[in-house]
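Structure record follows, encoded as structure tokens.
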Amino acid sequence: MDSSDSNSSTHFERERHVRFLEMMYELLPSEYQGQEINRLTLAYFAISGLHMLGALDRVDKEGAINWVLSLQAHPKNESELKNRQFYGFHGSRSSQFQPNDSAVWIPNGSHLASTYCALAILKTFRYNLSHMDSELILKSMKNLQQPDGSFMPIHTGAERDLRFVFCAAAICSMLDDWSGMDKEKAKDYILNCQSYDGGFGLIPGSESHGGATYCAVASLRLMGFIEDDVLSKGASSSIINVPLLLDWSLQRLAADGGFQGRPNKPSDTCYAFWVGGVLRILGAHKFIDEKALRQFLLTCQSQYGGFSKFPGQLPDLYHSYYGFSAFSMLEEPGVNPICQLGFLVLLLVFDVSNNRLASPIPVALGNRTGNLVRFNTSSYVGNKDLYGYPLAPLKSKGLLIMAIVGIGLGSGLLSLVLSFSVVCIWLRVFEQNMTVEEGKISQLMPDY
């Protein structure tokens, strides 16, 4: 969605960003309803972003910790523990409780990415993870690893790729216990994902991608198969093809100073972290033109706070968070340093790049006293009616609007088909008339 939103500021607007994250934490705009299932991940972006900006005191620490802990799945008995389900964390209340209607419900919808976000939030608050049942998480997580070394994100089955290998490695690293995965199998899977051009695809044989490359390199670093600053310690001894990887990563630097995720793609805010993080792990960040990168990121900085995917668009939580992460790696004053390995939510668990705000943020700020439910950060007491579903469903007005839009789109499509048919018929008639005229002219032409 294009917008007139732009910010000509030549400096990092920390206070605006803090207000943006605080607003998003307290009251998510309705445009995020489609991401309700990822509410825990959205909370992570807001909480970790505020921590990065040195404003974590804006959050109710105890309430947020209790809310996160309330989302963990627990077996009711020994037989449930042995049923090979994953007892991690739910992404939201809607995946934790059975709905009242007849919709299909999957019990224990805990997810690998949600578990990663939950632990990252708890680590951000310096919560002692030994107080929780980590053995339950690790023992059941091991059931998600596949024979080829990859991971499924949920016990009922789903896509298997490097995103969830990274989730598993980060979870084991944060819990300081690697019993939840076979590191050798995971390593082999990662190596099979390195492409001929040096980058990594999400699965073996797929196109190299900036986010997948970060997940691969960061996972290998977390598991101890590569070291930091590989270049200065002898790239030839590394288990990955470092020269090719370095070449591919540096080619992602675009003429406008930003980073692209794949060849022939425009620069995007988030890849300043994904690809920039890879270069930092390799010890090659000195090759980045930091001044040009900073200038590009500032073109994506919103006047309302936050960052957008591309210049001139409205901000979203996803790109805002990785914009802050990029400035942290650039050692921006007022931004806390981050560890690019452990506590960053990975690419494409979800992507709100098409879910940016449709209205200026000040309108939403003016409605902060509304009745919409917040992140539900008070203590969980098992009361489904109290917590409900964090984002309100569409009411009759919303359904009416959807119906009107649907009818409009259908009418437009029908008009297009009819117009195309009329043009085709006209061309056919014109062609026949031309054929008749040519026949008349040929009869008048003398023979030579």
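The values are calculated or read from the model by the stated rules, or taken from the named source; none is laboratory data. Predicted model only: the values in this text are computed from it and were never measured. Using ideal geometry, Cβ is built from the backbone for each residue, glycine included, and neighbour counts are taken over all protein chains shown.
Of note:
- Here G198 fulfils each of the conditions (1) in a loop (DSSP other than H, G, I, E, B); (2) surrounded by 24 or more Cβ atoms within 10 Å (Cβ to Cβ) apart from (2).
- Going through (1) in a loop (DSSP other than H, G, I, E, B); (2) within 26 Å of the chain's Cα centre (by Cα) one by one, I239 falls short only on (2).
- Flag if P204 is buried (at least 24 other Cβ atoms within 10 Å of the Cβ) and in a loop (DSSP other than H, G, I, E, B): no
- Flag for R84 being crowded, with 19+ Cβ neighbours inside 10 Å, at pLDDT below 90 and among the charged types (D, E, K, R): no
- Checked against the criterion of being free of Cβ contacts under 8 Å to residues at least 40 places away in the same chain and crowded, with 24+ Cβ neighbours inside 10 Å, the candidates L220, L245 yield just one match: L220.
- Sub-7 Å Cβ pairs linking a first residue in region 172-184 that is without any contact (Cβ under 8 Å) to a residue 60 or more places away in the chain and in a helix (DSSP H, G or I) to a second residue that is hydroxyl-bearing (S, T, Y) and crowded, with 17+ Cβ neighbours inside 10 Å, at least 6 apart or interchain, are L175/S134, ordered by first then second residue.
- Within region 117-137, considering residues that are among the small types (G, A, S) and closer than 20 Å to S92 by Cβ, the one surrounded by the most Cβ atoms within 10 Å (Cβ to Cβ): A118
- Qualifying residue in region 166-179 (condition: touching a strand residue (DSSP E or B) at 6+ places or on another chain (Cβ under 6 Å) and either within 16 Å of H111 (Cβ to Cβ) or modelled with pLDDT of 95 or more (or both)): yes
- Single residue of F12, F86 found to be under 15 Å from H111 (Cα atoms), outside any helix (DSSP H, G or I) and among the aromatic types (F, W, Y): F86
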